[in-house]
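Worksheet: one structure, shown below.
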Amino acid sequence: MPTIRNSEQGRRLAEARWRKHREREAEIVRLAEAWADDALSLAVLTEAQQRRLIGNLLRQGAEGTLCEVAPSVVLACAEVGIDRATAEQAADLVALFVAEAIEAAGGPEVALPTPETWRQTVNWDALYDPDGKSLVTGRIARESQAEMAEPTDGD
């Protein structure tokens, strides 16, 4: 994972990760649509196989999304000044809530990333000091406000 030196880099990295995730999901949808458009491809699959294929594609997309939930919650917690231990607990809970919401909405049963796995994706040293205090409190908001205040070329 790249080292995040400021909140703007963190924001750009988060946007890039979400963009990649959306691109992967779009590719899965394109693949499913291609199979659906090709009558011969679906004709060789039984109805149970078709359901299993679609279920696997949905599960893969949902689990990919869940991998991004906890790190995003940690970043938001750091931004508002929540300590690291509380941020980790909140991230675990939010990931669990999102998984339950997916299933409650009729989505597939999804596997949550383990806390150890998602914690490895966070650059803790850029967000929190050794005592667990946020190093970036308010920085995203301040930099966003400064960005909005910058004059534009003729806009």
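Here are a few things to note about the model shown:
- Farthest positive-ward along region 37-109 dipole, Cα basis, beta-carbon charges - from Gly81, Pro71, Leu96: Leu96
- For region 12-155, the dipole from Cβ point charges (+1 on Lys and Arg, -1 on Asp and Glu) about the Cα centre works out to 260 debye, to the nearest 20.
- Computed over protein heavy atoms with a 1.4 Å probe, the carbon and sulfur contribution to the accessible area of the chain reaches 56%.
- Those residues of region 91-116 whose amide nitrogen sits under 17 Å from the label point placed on Arg17, 7 Å along Cα→Cβ: 91-96, 98-99, 112-116
- Relative contact order %, the chain, counting alpha carbon pairs below 8 Å whose residues are six or more apart: 30 percent
- Degrees, to the nearest 10: 7-37 long Cα axis against longest axis of the chain: 10 degrees
- Extension gain, Gln50 back to Gln145 (0.36 nm per residue minus Cα-Cα distance, nm): 29.3 nm
- Intensity falloff of region 106-155 expressed as log10 I(q)/I(0), Debye formula with alpha-carbon point scatterers, at q = 0.17, 0.19 Å⁻¹: -0.76, -0.80
- Computed packing ranks the peptides 81-92, 131-142 as 81-92, 131-142, most packed first, by mean other Cβ atoms within 10 Å.
- Added length on full extension, which subtracts the Cα-Cα distance from 0.36 nm per residue, Ala111 to Phe97: 3.8 nm
- In the chain the Cα-Cα distances spread across 10 Å bins starting at 0 as 10, 30, 28, 19, 10, 4, 0 percent of all pairs.
- Note on Cys67 and Glu8: with the Förster distance fixed at 25 Å, the Cβ-Cβ geometry gives a FRET efficiency of about 0.60.
- Principal-axis tilt of helix 139-149 within the chain, Cα atoms, nearest 10 degrees: 90 degrees
- Over the chain: helical MRE at 222 nm, DSSP H runs n ≥ 4 each giving -39500 (n - 2.57), nearest 500: -23500 deg cm²/dmol
- Virtual spin-label span in nm between Lys133 and Ile28, 7 Å along Cα→Cβ: 4.2 nm
The values are calculated or read from the model by the stated rules, or taken from the named source; none is laboratory data. Only a predicted model underlies this, so the values are computations on that prediction, with no experimental measurement involved. Every residue, glycine among them, receives a Cβ derived from its backbone with ideal geometry; neighbour counts consider all protein chains shown. Ligands, DNA and RNA are stripped out before the accessible areas are found, and what is left, the full protein with its side chains, is counted by its heavy atoms. Shrake-Rupley method; radii C 1.70, N 1.55, O 1.52, S 1.80 Å.
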